[in-house]
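Heads up, the thing below is written out as structure tokens.
The values are calculated or read from the model by the stated rules, or taken from the named source; none is laboratory data. Everything numeric in this text was worked out from a predicted model, so none of it was measured. Methodologically, a virtual Cβ is constructed for each residue, glycine included, from the backbone with ideal geometry; neighbour enumeration extends over all protein chains shown. For the accessible areas, the whole protein counts, side chains as well, though only heavy atoms, and no ligand, DNA or RNA atoms are used. Shrake-Rupley method; radii C 1.70, N 1.55, O 1.52, S 1.80 Å.
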Amino acid sequence: MTKDEAKGIIKETFGKAFDENKFQIFIANLFKEYKTSGFEPHIKDSFKSFISKYTIIGNFEDIEGNKIDILKVALNKSTSLDRARTAQRNFIADYLKTNNKEAALVAFVSAENKDWRLSLVKLEHSLEVIDDKLKTKEEITPAKRWSFLVGENEGNHTVQSRFMNLLASDENLNLTELETAFDIEIVTKDFFNKYTELYFKLKEELDGLLKKDALIKKDFENKEISTVDFAKKTLGQIVFLYFLQKKGWFGVPADEEWGDGPKKFIRALFKRRAKYGKNFFN
């Protein structure tokens, strides 16, 4: 598979509301050799308050003998993707212990939400002394660290950067590579690298603008503003605006709940920029 083909699969899978057929295509190309299932197990009473049903999409065992299950978990309508993450993680932890599996790749979906969460939950085994005996202790990696929020209202650049090479590779995936794809330190580094690129691009554009426009240059000088500081502040403001947009706090209709605003409010505003005059920044 070429990288362009892998990019297309990722965009189709993660750039829209959850589609099980598209997700299975992604899984088939990610794991190469995995067994399909489709079995819907019984849900324990302790988890029924936030999970309506779950499906074992497939099973995979890597070359090191690690057993990985691929699951789709349907959340109840009252359960938010962002809330009850501990409960969601504990549900998968219980599943792993019960079924003797090392890890699970999980799609958490909600019928009323066009966004969904892709999570990796893994059992960690460590040794510690208990009552003068060496015993194995099981730990669960925090779900927050091992998750990507994807879907119609979310960008899929990060998922592309983390999974494109894995999809394009002809080699079978192992659990270590899957963990690396979810590594928050690498994801954070990718974000800041991209942020730095945008900063330098904006600064260079501002430098060029000041050379062309004497009035703007004079305005910068009178206010003692450098292009460095202006670029930093502008990017910081944009990031903060996107944070508020992610909360759904922009453009909330009068008859809707607070937080139900469009998740692409700023982009929609930009597309209508002709209505507000030539200078969109103002």
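Close contacts from the range 149-174, counting a first residue that is more than 15 Å from residue 117 (Cβ to Cβ) and a second that is among the polar types (S, T, N, Q), with Cβ to Cβ under 8 Å and a gap of 6+ residues or different chains, come to 167/29; 168/2; 174/66.
Elements of the type helices (runs of 4 or more DSSP H) sitting completely within the range 163-281 and holding at least 2 residues that are of a type in the set (Val, Ile, Thr) and under 31 Å from the mean Cα position of the chain (by Cα): these cover 175-181, 184-212, 227-246. Looking at residue 204, is it modelled with pLDDT of 95 or more, over 30 Å from residue 61 (Cα atoms) and not aliphatic (A, V, I, L, M)? Judged against the criteria, residue 204 is a match. For residue 52, the conditions (1) in a strand (DSSP E or B); (2) touching a helix residue (DSSP H, G or I) at 6+ places or on another chain (Cβ under 7 Å) are fulfilled apart from (2). Condition (residue is more than 21 Å from residue 1 (Cβ to Cβ), open to solvent by 30 Å² or more (accessible area, probe 1.4 Å), modelled with pLDDT of 90 or more and of a type outside the set (D, E, K, R)) applied to the range 167-180: is it met by at least one residue? The answer is yes; a qualifying residue exists. Looking only at the range 213-237, filter to residues that are aliphatic (A, V, I, L, M) and in contact (Cβ under 8 Å) with a residue 24 or more places away in the chain; which one of those is farthest from residue 200 (Cα to Cα)? It comes out as 235.
I'd like the full set of residues that are in contact (Cβ under 8 Å) with a residue 24 or more places away in the chain and open to solvent by 60 Å² or more (accessible area, probe 1.4 Å), limited to the range 21-31. Across the range 21-31, the qualifying residue is only 24.
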